[in-house]
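Let me begin by presenting the structure, written as structure tokens, before commenting on it.
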Protein chains: 4
Amino acid sequence: MPAFEPADPDFERRVRESFARQPFMTTLGAELVTVTPGRVEVVLPYQAGVTQQHGFFHGGAVGAIADSAGGYAAFTLFPAASTVLTVEYKINIMVPGNGEFLVAVGEVLRNGRTLTIARVDVFGVAGSKRTLCATSTQTLICLQNRSDSPA
Amino acid sequence: MPAFEPADPDFERRVRESFARQPFMTTLGAELVTVTPGRVEVVLPYQAGVTQQHGFFHGGAVGAIADSAGGYAAFTLFPAASTVLTVEYKINIMVPGNGEFLVAVGEVLRNGRTLTIARVDVFGVAGSKRTLCATSTQTLICLQNRSDSPA
Amino acid sequence: MPAFEPADPDFERRVRESFARQPFMTTLGAELVTVTPGRVEVVLPYQAGVTQQHGFFHGGAVGAIADSAGGYAAFTLFPAASTVLTVEYKINIMVPGNGEFLVAVGEVLRNGRTLTIARVDVFGVAGSKRTLCATSTQTLICLQNRSDSPA
Amino acid sequence: MPAFEPADPDFERRVRESFARQPFMTTLGAELVTVTPGRVEVVLPYQAGVTQQHGFFHGGAVGAIADSAGGYAAFTLFPAASTVLTVEYKINIMVPGNGEFLVAVGEVLRNGRTLTIARVDVFGVAGSKRTLCATSTQTLICLQNRSDSPA
């Protein structure tokens, strides 16, 4: 992965505050762990409320934390007065999500002025075992001079 | 869209029971509305718990009901003793999800023995206005002779 | 599909000239057929040079005409002084491409100022039979005040 | 990337013969370079016939060699009596393809009995400079007891 120089030195606070303003992440019980330039990790602990009919993590919940991890990986590199929207994402669920928690590792592949491309790998973690269960690629758009908070 | 003949005449009950076994749909507050051969509609009422930082429906919640609508559209056509898993999906979020509720309309494009392809359009509904806000294409796999319930 | 008002009344000539400037379309033997606001059809006649090891149309050739059909569907709606680039596309090949020719039907789903989303369905045509063999969704970017010709 | 044990010790010959049977790769002028278990590289030299209107590599040609690199990376791991079909692929073109040649590096992420998931990165190479210009994720299906040659 390339090394990135953040446009906003205060990027970590900005990203953490934005994540905290997403009620859906609270609904899921997802937590923002590491935040570095171009790279973010989001953890989703196992609980019945995020599962599907076989007791695995629901594919939609896997997609949701992948979406957040990629979006915030991009947002670390955006200027201070901006916000981020997801243009599109695609996700392959290679094995059903399983374990004590999932961790979605989002990394920026290309940081353009308007569009940023991020890759997210999602791992299921059970004890010391870490299994790649999904991979996603995302296109994010930077909206300049737009607040990241609700109007 | 092509007209489909379901392999299992009792498909509607099977689909509704499976949906009811997905705790994540309850967490979201999503409801399964119409269920016909090759076509399913899932509704997500607006509530703070499914929103992002601007107060719109979270892209991950949009993806989650799209995933369910496509998966269950496929499952209507599967044989009685089978289950469904999502192989992959991709979603374009064309406008931020907004309105009193979202409706995800999942339709099967191609029903193969192993793989089924579904398209899902997600609309935001505000009063009498219905806006296409996202579109998704999905690949689903049919696992024969596998229970749709947890072991 | 929504009805679109082209920004440039001379859109058809602009699209046809741009297509003619793509040597790769000549290499494939692809032809631009209908061009209307937000909708374009590209035909690929069968010939050995565009096939894979089983004698079907190569998935990469299917993807290439889909890419062109979606890109030019978007370009019909762009202003006169602009060009188009593909941000990303995804394609499901539902049945191997077969027949006397393929036709890729590209239609704009959403026409934004910066980004346009198009859907492309690719059909194999054999005699009077038309089979949906692939479907694609694409994200296109409009570069304003940039020539569509090489520098 | 995980290390893979090929099911067929004669995988390299099988892959190279299959590639040689794809007339479309000859049309493009694409060459199969390295072939190791779960990993394949395909090179596309620059020539006018694979370009778009600005003189860059056409997005459809980028997608075509990515499709080949991912499909053959999967095929290295398939049993002797089998063939491979592309179920779907998605590709982000991050910068327009440029340089003396493109190289598509396909790597298997997950090798299942029926489905295999591959990732492909495409680089533009100009002198000693190598630029990541596109990334693709693909779903491939293994058809057992089916010849890889035309009937």
* To do: List the lysines whose Cα lies under 30 Å from the Cα of D:Lys90, skipping any in the same chain that are fewer than 8 positions away.
  => A:Lys90, A:Lys129, B:Lys90, C:Lys90, C:Lys129, D:Lys129
* Give a residue-ordered list of calculated ³J(HN,Hα) values for region D:3-9 (Karplus: 6.51 cos²θ - 1.76 cosθ + 1.60, θ = phi - 60°; whole Hz; x for Gly, Pro). => 8, 10, 9, x, 6, 10, x
* Asked: Accessible area per residue of chain C at 1.4 Å probe, in Å²?
  -> 36 Å²
* Rounded to the nearest 0.05, what FRET efficiency do A:Gln47 and A:Asp10 have when you use their Cβ-Cβ distance and R0 = 22 Å? -> 0.10
* With charges only on Cβ, +1 for K and R and -1 for D and E, what is the dipole size of the protein assembly as shown about its Cα centre, in debye, rounded to 20? -> 0 debye
* What value, in deg cm²/dmol to 500, does the helix sum -39500 (n - 2.57) over DSSP H runs of n ≥ 4 give at 222 nm once divided by the residues of the protein assembly as shown? -> -6500 deg cm²/dmol
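Quick one: dipole size for chain C, taken about the Cα centre, charges +1 on Lys/Arg Cβ and -1 on Asp/Glu Cβ, in debye to the nearest 20.
180 debye
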* Using a 7 Å Cα-to-Cβ projection, B:Asp10 label spacings across copies, nm, ascending -> 5.0, 6.2, 6.8
* Is the shape of region A:6-55 best called rounded, prolate or oblate, per the rule: a/c under 1.5 gives rounded, else a/b larger than b/c gives prolate, else oblate, with a ≥ b ≥ c the square roots of the Cα gyration tensor eigenvalues? -> prolate
* Every other copy gets compared here: list the nm distances from the B:Val33 label point (7 Å along Cα to Cβ) to its counterparts, shortest first, one decimal. => 3.5, 3.9, 5.3
* **Residue closest to axis [chain D; rotation mapping onto C; Cβ; Å]** => D:Lys90, 2
* **Label-to-label distance, nm, for residues given as A:Val33 and B:Arg146 (7 Å Cα→Cβ offset)** => 2.7 nm
* Structure fact -> Measuring from the longest principal axis of the C-alpha atoms of chain C, the long axis of helix C:59-75 (C-alpha) lies at a number of degrees, nearest 10, equal to 20 degrees
* Asked: What angle, in degrees between 0 and 90 and rounded to the nearest 10, separates the Cα long axis of helix D:11-20 from the longest principal axis of the Cα atoms of chain D?
  -> 50 degrees
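If you filter region B:1-104 for GluC sites (Glu not before Pro), then keep DSSP loop positions with at most 15 other Cβ within 10 Å, what is left?
Answer by residue number: B:Glu100.
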* So how exposed is D:Leu28, as accessible area in Å² (1.4 Å probe, rounded to 10)? -> 0 Å²
* Quick one: Cα convex hull volume of chain D, Å³ per residue? -> 106 Å³
* Asked: Ignoring ligands, DNA and RNA, what percent of the accessible area of the protein assembly as shown is carbon or sulfur (1.4 Å)?
  -> 54 percent
* Asked: Taking amide hydrogens as modeled 1.01 Å from N in the peptide plane, which residues meet the under 5 Å criterion relative to B:Cys133, leaving out close sequence neighbours?
  -> B:Val122, B:Phe123, B:Gly124
* Structure fact -> GNM on chain A, Cα springs under 10 Å; top mean-square fluctuation among A:Ala61, A:Ala48, A:Ala134 goes to A:Ala48
* Structure fact -> Expressed in nanometres to one decimal, the distance between label points 7 Å along Cα→Cβ at C:Arg113 and C:Ala126 is 5.0 nm
* Asked: A:Ala20 to A:Ala80: extension gain in nm, 0.36 nm per residue of separation minus the Cα-Cα distance?
  -> 19.9 nm
* Between region D:15-82 and region D:107-137, what is the C-alpha centre distance in whole Å? -> 11 Å
* Asked: If amide H atoms are built 1.01 Å from N in the plane of the peptide, which residues on other chains or at least 5 residues away come under 5 Å of the amide H of C:Gly97?
  -> C:Phe57
* Asked: Between chains C and D, what is the buried accessible area summed over both chains (1.4 Å probe, protein heavy atoms, nearest 100 Å²)?
  -> 3000 Å²
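Can you classify the protein assembly as shown as rounded, prolate or oblate using the Cα gyration tensor, where a ≥ b ≥ c are the square roots of its eigenvalues, rounded means a/c under 1.5, and otherwise it's prolate if a/b beats b/c and oblate if not?
Values: a/c = 1.31, a/b = 1.15, b/c = 1.13.
Rounded shape, in that the Cα axes give a/c under 1.5.
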* Buried on assembly, region C:51-91 (at least 40 Å² less accessible surface than by itself, 1.4 Å probe) -> C:Gln53, C:His54, C:His58, C:Gly60, C:Leu85, C:Val87, C:Glu88, C:Tyr89, C:Lys90, C:Ile91
* To do: Would you kindly work out, in nm and rounded to one decimal, the distances from the label point of B:Gly55 to those of the same position in each other copy, ordered shortest first, with label points 7 Å along Cα-to-Cβ?
  => 4.3, 5.1, 6.3
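The values are calculated or read from the model by the stated rules, or taken from the named source; none is laboratory data. On a predicted model such as this, the values are computed, not experimentally measured, just so you know. Cβ sites come from the backbone with ideal geometry, for glycine too, and all protein chains shown count toward neighbours. These accessible areas exclude ligands, DNA and RNA; they are computed on the full protein's heavy atoms, side chains included. Shrake-Rupley method; radii C 1.70, N 1.55, O 1.52, S 1.80 Å.
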